[in-house]
Structures are given as C-alpha cells and as structure tokens.
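See below for the structure under consideration.
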Amino acid sequence: MSNAIIAAWNMSLEGVKAACELLKNGGEAPEAVKKAVNLVEDNPGFSSVGYGGLPNRLGEVELDAAYMDGSTGYYGGILGAKGIANPIDAAIKLSKRHLNCLLSGAGAEQFARIEGLAFKNMLTAESKKKWEEALEKEKTSPGAYRGHDTVCVIVRKDKHIAAGVSTSGLFMKEPGRIGDSPIVGAGLYADSAIGAVSATGHGEDIIRGCLSYEAVRLMEQGRSAQEACKTALAAHIARMKSKGFAIKDVSLVALGADGSFGAATNLKDGEFTFVYADETHPPAVWTISGGVQHIAAR
Ligand code: GLY
C-alpha cells in the first residue's frame, strides 16, 4: 500500500513536503503528522493556526489541537490553551495516555510546562491590529474567514494511519469557546484498519454531525474515502435542513486503509483546497468542484 498524506488547505503545502521527506527517510506516521502541523503552527502568515492565529474577543489566542493514532486508538488533545508554541506537540504527548488525555486551559498549559514544551506570546502585531479593527467595527458575533482554517493532516505509512489537527478557532470567539478540532469523532477520527477523516470549517456544525466518525463508519461499510466524505456531508446537510437550518462552511479530508483518498465540501467550487501526496503524486494543491460531488484534477 502506498504511503500517503492528505491535509486541509493550501497552507499545508510546505508542511506536507517536509513530512514526505521525513517518510522517505524512514520517519513514521506520528512524526510526519507533527512535522506537517508544526510548519503551519510556526508560520505567522496563517491567521487561524498557532503563532499569528487570530484571537478571541478579549484579544487572547486560545488554541485547540488533537492527535489520534489509528493503530492504538489512543488520542490526545488540548482545548482553549494559551501560549503553547506548538499545540500539536502537547496533543501527541497526551495521546500516550489512556486517561487524562484531553486537557483544557490551565491544565493543558501546566502539562505542557511539565513536559518542557516551548511557550511564547502567540499574538503577533498583525493579529492584534486585526483584533483592534474588529473591536472598532463592533464585530461581536463569531465569523469565519474563508480559505484558512484548521490545519488537518492525515498520514498513512505502511499500515499505520494517524491524524492531527491544530487551530486558534474562530476569530472573535467567546472566551472559552471550543470548536470541533479537539473533539474526537468531530474534528478527526482515525482507525488504521479502516481509514481516517478530519474536518475543517465551522466547528459547531461539524460537532453536530460527528462528521469525522460518521465518514470513517461509512468507510468501514465499504465506501471509498471519497464516497464516505461526500455521503457523510450530504446527509448532514440534508438532516440539518430538515430541522430548519443551513449549516455553515464544512469540509472533510480522508485517507482510506484501502489506499483511497477523498475530500468533500459545501463551499463553492474551488474555494476549498487541500494538499495530497503519495508515492506517485508529488505534494500538490488540489481543489474540489461540484460541491460535495467531485474531486477535480490538480
Ligand atoms: N474548525 C475549527 C473551529 O471551529 O474552531
């Protein structure tokens, strides 16, 4: 089975390239997830992840991250933590635990300190300026910014599948608001025997559909990664519509244990980008047309 990496958004391209090199040089899936996510977290140009992430209404950068190992079923995550330079590193360390693997706020920060993880002020001058402008405009309701959201990375190395996510969440969110990313089954789900799925977009709408778990469950029933993403998202859209509301932006990426990959979105054609690489496809940005229907060529 070909090794492969899929990651949400074109911001992941450099991280995926570095992770591919790591795999070629003998690295394993967890290290490749960490490498790809770290490069996005460290880049202040990406305003929805890690350093340079846009803050909550109080001007504080609150970070969510999670990691799930598809071979052990173990997962770890941090919720609403501040100042941890690489949130995915804390999530990966927590995933070694059976219990106490999902920590919020001060508890997550204390864990990261004990583990010797780096801390820094995650609010850049640029992000602070955007926050001040938003305050001036009295933008008091949460809003997403298109084109950049959670970094979601799934790696398949031999028969081992692992997934990691990291985000600063919605700009101007309520302090303490948690999105889908650290919620296993919503923001990500991985099972090396079946496949893995990760979600990006409006966390509240992703959580409502348990979308990552749902798509993995469909893969278990024999759907390809692409069919599973498409079906899970389309059914969620229809179910919520029947209850009287339209979900906001949601996109999914997936790798199957069968070698398949897939993605689905309810954004307009071309708006959702992802990065895919395997042994015959060098890392490149892909997009989707036809809503949840098709993956377009690169
Ligand atoms: N999908 C990221 C969030 O809603 O926080």
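The values are calculated or read from the model by the stated rules, or taken from the named source; none is laboratory data. Remember, it's a predicted structure, so these values are computed and weren't measured experimentally. In this analysis, Cβ positions are derived from the backbone assuming ideal geometry, glycine residues included, and neighbour counts consider all displayed protein chains. Ligands, DNA and RNA are stripped out before the accessible areas are found, and what is left, the full protein with its side chains, is counted by its heavy atoms. Shrake-Rupley method; radii C 1.70, N 1.55, O 1.52, S 1.80 Å.
Tabulated values for the structure
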{"item": "Only Lys, Arg (+1) and Asp, Glu (-1) charged, at Cβ; region 185-240 dipole about Cα centre in debye", "result": "120 debye"}
{"item": "Within region 1-126: Cβ-based charge dipole about Cα centre, in debye rounded to nearest 20 (Lys, Arg +1; Asp, Glu -1)", "result": "180 debye"}
{"item": "Where Glu60, Glu115 fall by accessible area, highest first, once all protein chains stay in place (1.4 Å)", "result": "Glu115, Glu60"}
{"item": "Antiparallel content of DSSP bridges confined to the chain, in %, to 5", "result": "95 percent"}
{"item": "Rounded percent of accessible protein surface that carbon and sulfur make up, the chain, 1.4 Å probe", "result": "52 percent"}
{"item": "Computed magnitude of the charge dipole of the chain (debye, nearest 20; Cβ of K, R +1, Cβ of D, E -1)", "result": "360 debye"}
{"item": "Sparsely packed trypsin sites (Lys or Arg not before Pro) within region 18-127, loop by DSSP, other Cβ within 10 Å at most 13", "result": "Lys96, Lys120"}
{"item": "Per-pair calculated FRET efficiency, R0 = 22 Å: Lys120 and Leu58 via Cβ, rounded to 0.05", "result": "0.75"}
{"item": "Distance between modelled label sites at Glu279 and Arg239, nm, 7 Å Cα→Cβ extension", "result": "3.7 nm"}
{"item": "List Leu103, Leu170, Leu135, ordered by accessible area with a 1.4 Å probe, largest first", "result": "Leu135, Leu103, Leu170"}
{"item": "Solvent-accessible area per residue for the chain (1.4 angstrom probe, square angstrom)", "result": "40 Å²"}
{"item": "Calculated from backbone phi, Karplus (6.51, -1.76, 1.60) coupling profile of region 254-270 in Hz, x at Gly/Pro", "result": "8, 10, x, 5, 7, x, 7, 9, x, 7, 8, 8, 10, 6, 5, 3, x"}
{"item": "DSSP H segments from the chain that extend 15 Å or more along their own axis, Cα-based, with Kyte-Doolittle mean of -1.0 or above", "result": "13-24, 29-41, 225-242"}
{"item": "Helix-derived mean residue ellipticity, 222 nm - over the chain, DSSP H n ≥ 4, -39500 (n - 2.57), to 500", "result": "-9000 deg cm²/dmol"}
{"item": "GluC sites (Glu not before Pro) lying in DSSP loop within region 225-287, provided at most 13 other Cβ fall within 10 Å", "result": "Glu279"}
